[in-house]
């Protein structure tokens, strides 16, 4: 057994494995060709899932076909979302130990939810839930990739039991490229029918997505439900038909990554709207404004079955245009042209659904003294939970935030819920905190009424104390908690003030509009981003600094995908990109400072009125950047580019560009 990392690496190099190479297919389009190798006999044509959506049927498909066939204008595009690596700052890792006396395991892993990994691992290991404790502490980035239990974790547990010692493993970056779930890898064909006035009539989408060599925990959901439910974004489109197909390929499995289906859906919608502006000759701003769902239509039920509870899409659009100084853009374009540069501007309206896995729990406990323990199953991976959630509870209870101690990352808390994914943390955990506090105070009122010798109906709670209405008789929260503990110990009451509650929170729909400007050097293909503006509706804002940081970070990851990031496999399924020598990551000097603004429209589906913001930047950035590049390069050459818009691709597009300027702006 290795005592050090170097020993383990030396031992690993002594292992020799002979492989029998089988026919492989790595590309999503190639995988469904008749001559493609079949990966699994039970999946003909390598199709893992063929899903038509919730509301689609033959009659609806025929109606969409009829509308498209008879429309005054039809915009048609095919776009690709290339495969990308998550590349978190800290690779995956874990330490497992085994207690033979208790026949139990302890696993410390850098996850997105100790409870979620616990539930997965007890099933894999075939053990009772009390035989495993999972602890997650600080995590250096996660973005969806660290949600599932990977094969290394049960292997570590078994090794720890066999050798009788803790066993530690930390992934190298090279291992991460080969084994961590990857993301995106889809090709989408879309058609949008317009009437003579530019009104959107019908949308047809065929989304073909790789799931890798086998399905990850939520691999199929990403390219089906998560993609589908983002349609038709912020636009009023009466009829939608979708064909969503997941395909097996000889590649690393696809898993969740910031957005997980939402960026792909928004990307095709906003590229399609730009194409609709081109084919209709209508200015892209006017076309969008004409088709935005008005706030007067809320709540609005979409053609795919979602109900948007709230939203002010028109107002956000206008605010974004003003923030981006859109009206003055042509002046900036001319200034760039004088310096031999091509300048373009790209609009990306977006909407996404947030709140995957709606159930979440919270635990409010009184350990003694004037302190509250707030237990959450929701794992922080850098979102600032320890700042937001204690402050939220403290404000509800009228006590100091320093009196609330945040606990998370421990499966022994036994809190029902899910990991920190899908922009769900604030809405689900926040709502659970509010509801649990209400339940705790209701119990407290009963106890306080007895202690104050008053009717329960006469008890109010205010500023950290229970009081009898209209009198100066009051008793503090922490004193009530202590008396309740004593009463419970004597058997006088069934439970103390400690309260655990599970809350069910419906989906919300964060939305916004991001506008990017690019400046291109046609001689080198270098793309710079001199300006990036964003207006977001994430519902009521709990912390403005954290919202700003989430939008900035999400935009950085979206810009990386738009311009430089790409996982590449050769025809034999061999990973070609296996390190940061091959896989480009955006640097600080390549990421603009996001000029942001908030336009909170409270959600009506949860007590805090929050919607989520974790994925907004990534969801919006792809189309904002690519539409800007298409606008910058004359003659439509830029509109043909697929991500990533590398320097070579952009340089070649500039060489092929025609003199006439186009880019989907339409008439002005």
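The values are calculated or read from the model by the stated rules, or taken from the named source; none is laboratory data. The shown structure was predicted, so the numbers you read here are calculated from the model rather than taken from an experiment. Cβ coordinates were reconstructed from backbone atoms using ideal geometry, including for glycine residues, and neighbour counts include every protein chain displayed.
Quick notes
Table: residues versus (1) within 27 Å of residue 25 (Cβ to Cβ); (2) crowded, with 20+ Cβ neighbours inside 10 Å; (3) touching a helix residue (DSSP H, G or I) at 6+ places or on another chain (Cβ under 6 Å).
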position: 520; (1), (2), (3): no, yes, yes
position: 544; (1), (2), (3): no, no, no
position: 548; (1), (2), (3): no, no, no
position: 551; (1), (2), (3): no, yes, yes
position: 565; (1), (2), (3): yes, yes, no
position: 578; (1), (2), (3): yes, no, yes
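Let's see how each residue does on (1) crowded, with 17+ Cβ neighbours inside 10 Å; (2) modelled with pLDDT of 95 or more; (3) not assigned by TED's automatic domain parsing to the domain that holds residue 536:
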residue	(1), (2), (3)
425	yes, no, yes
436	yes, yes, yes
439	no, yes, yes
453	no, no, yes
460	no, yes, yes
480	yes, yes, yes
512	yes, yes, no
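- Subset of region 581-634 (residues that are farther than 21 Å from residue 256 by Cα and out of contact with any strand residue (DSSP E or B) (no Cβ under 8 Å at 6 or more places or on another chain)): 581, 582, 587, 588, 589, 604, 607
- Check on residue 66, surrounded by fewer than 19 Cβ atoms within 10 Å (Cβ to Cβ), touching a strand residue (DSSP E or B) at 6+ places or on another chain (Cβ under 9 Å) and free of Cβ contacts under 8 Å to residues at least 60 places away in the same chain: yes
- Screening residue 259 against (1) modelled with pLDDT under 95; (2) more than 24 Å from residue 30 (Cα to Cα); (3) surrounded by fewer than 22 Cβ atoms within 10 Å (Cβ to Cβ) leaves a single unmet condition, (3).
- Filtered residue count, region 373-413, keeping only those that are surrounded by fewer than 20 Cβ atoms within 10 Å (Cβ to Cβ), modelled with pLDDT of 95 or more and in a loop (DSSP other than H, G, I, E, B): 2
- Test result for residue 617, assigned to a loop (DSSP other than H, G, I, E, B) and touching a helix residue (DSSP H, G or I) at 6+ places or on another chain (Cβ under 8 Å): no
- Residue ID - nearest to the chain's Cα centre (by Cα), chosen from residues in region 580-596 that are surrounded by fewer than 16 Cβ atoms within 10 Å (Cβ to Cβ) and closer than 30 Å to residue 535 by Cβ: 585
- Residue check, residue 475 in the same structural domain as residue 587 (by TED's automatic domain parsing) and touching a helix residue (DSSP H, G or I) at 6+ places or on another chain (Cβ under 9 Å): no
- Counting the residues of region 117-141 that are in contact (Cβ under 8 Å) with a residue 24 or more places away in the chain and touching a strand residue (DSSP E or B) at 6+ places or on another chain (Cβ under 9 Å) gives 12.
- When we screen 516, 531 for residues that are under 30 Å from residue 656 (Cα atoms) and out of contact with any helix residue (DSSP H, G or I) (no Cβ under 8 Å at 6 or more places or on another chain), the only hit is 531.
- Selected residue (only one of 187, 167, 268 is buried (at least 24 other Cβ atoms within 10 Å of the Cβ), touching a strand residue (DSSP E or B) at 6+ places or on another chain (Cβ under 8 Å) and either more than 30 Å from residue 117 (Cβ to Cβ) or modelled with pLDDT of 95 or more (or both)): 268
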